[in-house]
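Notes to accompany the following structure.
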Amino acid sequence: MDYIWEGIRQAFFIILRLDKEFAWIVFVSIRVAFTSTLLATLVGCPLGVMLARKRFRGRQALLTIVNTLMSLPTVVVGLMLYSVLSRRGPLGSLGLLYTLTAMILGQFILVLPIVIGLVASAIRGLDERVNRTALSLGASSWQAFFALLREARHGLLAAVIAGFGRVFAEVGISMMLGGNIRGYTRNITTTIALETSKGEFALGIALGLVLLTVAFGVNLLLASFQKRIRRVGI
Amino acid sequence: MSVYDLQAIQWSIKSFQLNIEKCRFEKDTIYAVLGPNGSGKTSLLNLLALLYKPNAGTVFFQGSRVDFNHDESLLTARRRIAYLLQSPYLFNMSVRDNVRYGLKVRGYKGRQVEFKVDGILDRMHLSHLVDRTASELSGGEAQRVALARVLVLDADVYLLDEPTANVDKESVHGIEQIILDRKQSSRAAIIMTTHSQDQARRMSENILSMVDGSVQDFSYDNAFTGTLHVQGDGLRSISVGSNVQIAVSHGSEGPVTVVIDPREIILSREKFSSSALNAFHGTIRKIESHGEVIHLTVSIGVLLSATITQRSFQHMGLNVGQNVWISFKASAVRIL
């Protein structure tokens, strides 16, 4: 049991010292998760709005697919992208495997259905008069689109936060597509996996605490938005 | 130049069809559109707001033919129109931000926006609500804010779908006055829908009625067509129906159409002597309650509508089938 206590003690030292390697690892995690979530938001918001508002054949099927993909296993995304990006794969010549770009791409695929699905449900929960009200007051169709987004803002933020929480804590994609290269693609989750397998706990525990803190913060934010959503009755 | 000129318009959704053969709206005029629910009042306004593209026909707006496929010119035209939706929706923002919205999308900025917003909120006695959010307003307050959001715009056309719905009785008059003032100050065309004939009469001399998706000139209560006779002593009367002579105060001989305002008709249980030249004995056929007033249909050989207050209705204890006397002055008969 002593080694666990020793690990925890050292973990606090690492955090307080703000060890350089530790800081870099946290930075990689935040940077990759932030970029992938941002891209997924830019792509997913319009798609979510379209899925919520446009009537077309196969819409219900598409919604079901999106909802299924919301719980896409990370290793499946890792596997698919690995086969495409590896030297023998169709995009092998781009040399993307084991780069931050590959990790961002993988996390983007993971978080996109979450953003689309949650945005669609936030928009579907809006009063149907929002769009017509904007148009009746002289809005262009773009302005009316932004009026919709603004009315659903709490739901949209909840979607983005949920997506960020998902990619920040994932390990499969980072490991398979990033390769856990020290000082480059190594991030919080891949470090924890590696350190644990080495039998060294201090760094892992320190990073675990960061993960938990972020997860806690994300949940706190989510809860506050959900409370607001309930209050305004969107 | 007419503000709107509609020609051979057809528009349909599900089983409902809007059919307008020909219809023009002029500036500096208030139009009141009357009609029951589902008659197409709101569809007409959506069409006039250029939000619906007709299946057939042509809309001329301020002299130019509207091209519904050309987004840019359509938007320019739409921005000359301010439209109050039926049971309007307020954005989940402050009252001030709601009222700003139409100005913002039109590209107004800074001081100009605040000046206009403060002005309209002040005129509509809403200044105290400026920082409230939409969800904190009562139904009547929300309706007034929605109207302010429309009237803050300098439009050539105001389309108002039941502007006094959801508003308490005391505020109705105030809102009507604000709409009348807007017509005075802007010379805009104002097209409003209403359920109330009384409101339509108060607001407008151009009353249209929607029936099953088509626009018709309003048919008045107590409208009769007959022949006017001038007797030797100068007494004028019109014979309508089989055996009813209605005395009128002016007019020349020949066929005429007259209307009698139901509010000008006096009901009594007994015949009484008065200056009214018209007195008829009749039977109550129908009684309808419209809030504070009661509409009675009385048969005197022809059917005549009369409006009395709830109070006098209860006082007189009237029932269907009862015999009553009705009287009205010759000057209450309006020749169209």
Practice prompt. Check every one of the helices (runs of 4 or more DSSP H) wholly within the stretch A:125-204 and list those with 2 or more residues that are more than 21 Å from A:Ile104 (Cβ to Cβ) and touching a residue at least 40 places away in the same chain (Cβ under 8 Å).
Written response: A:141-151, A:153-168
Worksheet, complete the sentence: The correct count of residues that are in contact with a Ser or Thr (Cβ under 7 Å, 6 or more places away or on another chain), at pLDDT 95 or above and surrounded by fewer than 22 Cβ atoms within 10 Å (Cβ to Cβ) in the stretch B:68-88 is 1
Worksheet item: Could you count how many residues in the stretch A:109-135 are over 29 Å from the mean Cα position of the chain (by Cα) and crowded, with 22+ Cβ neighbours inside 10 Å?
Response: 3
Practice prompt. Give B:Gly241, B:Gly317 a once-over and let me know the one that is exposed (fewer than 12 other Cβ atoms within 10 Å of the Cβ) and out of contact with any Ser or Thr (no Cβ under 8 Å at 6 or more places or on another chain).
Written response: B:Gly317
Discussion item. Testing A:Phe225 on (1) surrounded by 13 or more Cβ atoms within 10 Å (Cβ to Cβ); (2) away from chain B (no Cβ under 14 Å), one condition comes back false. Which one is that?
Written reply: (2)
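Tell me yes or no: at least one residue of the stretch A:23-41 is among the hydrophobic types (A, V, I, L, M, F, W, C), over 22 Å from A:Leu177 (Cα atoms) and in a helix (DSSP H, G or I).
In the first step, residues of the stretch A:23-41 are kept if they are among the hydrophobic types (A, V, I, L, M, F, W, C); the result is A:23-28, A:30, A:32-34, A:38-40.
Next, from what is left, pick out any that are over 22 Å from A:Leu177 (Cα atoms): none.
No, every residue in the stretch A:23-41 fails to be among the hydrophobic types (A, V, I, L, M, F, W, C), over 22 Å from A:Leu177 (Cα atoms) and in a helix (DSSP H, G or I).
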Worksheet item: What about B:Leu44, is it within 13 Å of chain A (Cβ to nearest Cβ), touching a Leu at 6+ places or on another chain (Cβ under 8 Å) and among the hydrophobic types (A, V, I, L, M, F, W, C)?
Response: no
Worksheet item: So which of B:Arg202, B:Arg182 is part of a helix (DSSP H, G or I), crowded, with 17+ Cβ neighbours inside 10 Å and either at pLDDT below 85 or charged (D, E, K, R) (or both)?
Response: B:Arg182
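Having 2 or more residues that are touching a strand residue (DSSP E or B) at 6+ places or on another chain (Cβ under 9 Å) and under 29 Å from A:Asp127 (Cβ atoms) is the bar; report the helices (runs of 4 or more DSSP H) wholly within the stretch B:1-116 that clear it. Write out each step before concluding.
Numbers: elements: B:41-48, B:71-78, B:95-105.
So the answer is B:41-48, B:95-105.
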Worksheet item: Taking the stretch B:90-125 as the search range and keeping residues that are among the basic types (Lys, Arg) and closer than 17 Å to B:Arg182 by Cα, which one is surrounded by the most Cβ atoms within 10 Å (Cβ to Cβ)?
Response: B:Lys116
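The values are calculated or read from the model by the stated rules, or taken from the named source; none is laboratory data. Keep in mind it's a predicted model, so treat the numbers as computed, not measured. Virtual Cβ from ideal backbone geometry, glycine too; neighbours counted across all protein chains shown.
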